[in-house]
Amino acid sequence: MVALQPLLELQKIDTALSQLVHRQANLDERKVLAAAKAALVASQGENARLTAELTASKDEISSLESANKKCEAQIAKYSQQLKTVIAPREAEALQHEIETVRTERSANDDKELQLLETSENLELQLRLTVEQINELSAGVASATAALNEALKICEDEKKSLDEKRHGVASAIDSKLIKLYDVKRTKRTTAAVADLHGSKCQSCHLDLSVVELSALKKLGAEEFAECPNCDCYLVV
C-alpha cells in the first residue's frame, strides 16, 4: 500500500491550523473586550440620559424664573392701580388678582426649589458617570491591548505552522497532495489518521478482523482507507 506517513504529518499541521483558527475566533480576550465595550456603551447611554434630564430641568427652571418675573410685574402693576382706585369692588378685584398672582408665584417657587434639588442630584450623578466612563474607557483600552497581544501570539504561531507545513508539503508528491486536498474538502474530520490497533483515529471506530485483513492485502499502489469514515489510514 502507498506510504501515507508524510500525509499524516501534514494532516497534523492542518489540524493544528484549524484549531488555531477556532481558538483565535474564541479568545477569552475577545469576550473581555466585548463586555468592556458593552459596559462603556451602557454608561455613555446613562450619561446621555442624565444630560438630557439636566438640560430639561434647567430649561424648566429658566421658564419658571421668567414666569415669576411676569408675576412680579403684574403684582407691581396691580399694587399701583390699587393706590388709585376708590370703588370698593374695584379694590377687591385688584386684591383678588394680586393674591392669585402671588399664589402662582409661590407655586412656581416651590417647583423651582424641587427642580434645583433635582438638578443638583443629576449633576452629582453625571460627575459619577463621567468618572465611570473614564474608568471603563481605560478598561476598553487595556482589553484591546490584551486582545491585540493574544492575536499577535496566534499570528506568530500561524506563521510558524505555515512554514512547517510548507516544508512538509514540499517533500510530498504533488499528486498525493491533490488527493489529500480533495478528501479534506469533503470532510469535517481528519482526512488522514493513524490506525491504533483496530481503531481509526479519525472516526474512533474499530475495524473488523475482515477489514483489517483486507488492508494488509492492499497492493503497493493502493491507498489504505477507513471503511467507516473513508479517511486515509496510516497502517
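Just so you know, all these numbers are worked out from the coordinates, no wet-lab data involved. For clarity, every value in this text was computed on a predicted model and none was experimentally measured. Counting neighbours? That spans all protein chains shown, and the Cβs are built from the backbone with ideal geometry, glycine included.
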Give the Kirkwood hydrodynamic radius (Å, one decimal) of the range 16-72, defined as one over the mean of 1/r across all pairs of different Cα atoms. 15.5
Mind checking which of 67, 26, 36 is farthest towards the positive end of the range 16-76's charge dipole, using Cβ charges of +1 (Lys, Arg) and -1 (Asp, Glu) about the Cα centre? 26
Which listed residue (148, 128, 192) has the Cα farthest towards the positive end of the charge dipole for the chain, taking +1 on Lys and Arg C-beta and -1 on Asp and Glu C-beta about the Cα centre? 192
For a paramagnetic label modelled at 7 Å from the Cα of residue 53 toward its Cβ, which residues of the range 88-125 fall within the zone defined by backbone nitrogen distances under 11 Å? 118-125
Once both axes come from the Cα atoms, what is the angle between helix 174-185 and the longest principal axis of the chain, in degrees from 0 to 90, rounded to 10? 50
For residue 194, which sequence-distant residues (separation of 5 or more, or a different chain) have an amide H within less than 5 Å of its own amide H, given hydrogens modelled in the peptide plane? 201, 234
Counting Lys and Arg as +1 and Asp and Glu as -1 over every other residue whose Cβ sits under 12 Å from the Cβ of residue 144, the net charge comes to 0
Compare the peptides 182-194, 73-85 by average per-residue count of other Cβ atoms within 10 angstrom and give them in order, highest first. 182-194, 73-85
Using only the alpha-carbon atoms of the range 105-235 as identical scatterers, what base-10 log of I(q)/I(0) does the Debye formula give at q = 0.10, 0.16 Å⁻¹? -0.61, -0.95
Angle check, please: helix 5-25 long axis (alpha carbons) against the longest principal axis of the chain (alpha carbons), in degrees 0 to 90, nearest 10. 0
If you put +1 on each Lys and Arg Cβ and -1 on each Asp and Glu Cβ, how big is the dipole of the chain around its Cα centre, in Debye rounded to 20? 1040
With only alpha-carbon atoms counted, please give the Rg and Dmax of the chain, in Å. 41.1, 133
Between residue 216 and residue 106, what length in nm is gained on full extension when 0.36 nm per residue of separation is reduced by their alpha carbon distance? 29.1 nm
Within-9-Å neighbourhood charge of residue 14 [Cβ basis; K, R +1; D, E -1]: +3
Is the shape of the range 177-234 best called rounded, prolate or oblate, per the rule: a/c under 1.5 gives rounded, else a/b larger than b/c gives prolate, else oblate, with a ≥ b ≥ c the square roots of the Cα gyration tensor eigenvalues? oblate
Here the relative contact order (percent) of the chain, from C-alpha pairs under 8 Å and at least 6 apart, is 33
Helix 88-170 vs. the chain, principal-axis angle (Cα, 0 to 90°, nearest 10): 10
Determine the sum of side-chain charges near residue 128: Lys and Arg each +1, Asp and Glu each -1, restricted to other residues whose C-beta is under 14 angstrom from that of residue 128. -3
Under the Debye formula (equal points on every Cα, no solvent term), log10 I(q)/I(0) of the range 25-110 at q = 0.14, 0.17 Å⁻¹: -0.67, -0.80
Under the Karplus relation with 6.51, -1.76 and 1.60 and θ = phi - 60°, whole-Hz ³J(HN,Hα) for the range 221-227, x at Gly and Pro, equal 9, 9, 9, 7, 10, 6, x
